[in-house]
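Heads up, the thing below is written out as structure tokens.
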């Protein structure tokens, strides 16, 4: 019985690694991103969606956001973002700081829009030094350790939660007309 438990403990990390990803970003080779095409009311014009998209960027209220492309007629908005975030320590009692850098791309068409959060770079302290890695590099080594509590996995979980909240705000904002912009 004791040997059986030791074998189970030894094989547990391999089974945990073999499971499908519990994170919501999409993977295309080395390109990892959050994105989707969302259908909205077909009466929404590109102009209506543009106003809602501008409201979404305002709702984010991020001080380190730079809009790099803003084209109302073609319905394209691209912004570069750098924002602070936190992830749980191994004990789960406190938080550690990290910084996220990414691009937001909103492509607007009559009755639908496509959002893309990509070029995601995470910066956090690992082994007493500040490390900056692309999402692919962090994902590649997420491991999780024997009990699934590895630092990279905690970083990815915190990042995933943050992007899911932003996507929910985007969906709620884009689902109704806005006359504020």
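Rule-based calculations on the coordinates, nothing more; no lab input. Everything numeric in this text was worked out from a predicted model, so none of it was measured. Glycine also receives a Cβ, built like all others from the backbone with ideal geometry; neighbour counts cover every protein chain displayed.
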Problem set entry | Potential extension, residue 68-residue 37 segment - 0.36 nm per residue separation minus Cα distance | 9.0 nm
For this session: Take the Cβ-Cβ distance between residue 164 and residue 80 as r, set R0 to 22 Å, and report the resulting FRET efficiency rounded to the nearest 0.05.
Result: 0.60
Problem set entry | Theoretical FRET efficiency, 1/(1+(r/R0)^6), r = Cβ-Cβ of residue 172 and residue 29, R0 25 Å, to 0.05 | 0.20
For this session: May I have the convex hull volume per residue, in Å³, for the Cα set of segment 23-174?
Result: 119 Å³
For this session: Please report, in whole Å, how far the alpha carbons of segment 50-100 spread along each principal axis, starting with the longest.
Result: 50, 18, 15
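Once fully extended, how much extra length lies between residue 93 and residue 47, figured as 0.36 nm per residue of separation less the alpha-carbon to alpha-carbon distance?
Details: separation 46, 0.36 × 46 = 16.56 nm, distance 4.61 nm.
Residue separation times 0.36 nm, minus the Cα-Cα distance, leaves 11.9 nm.
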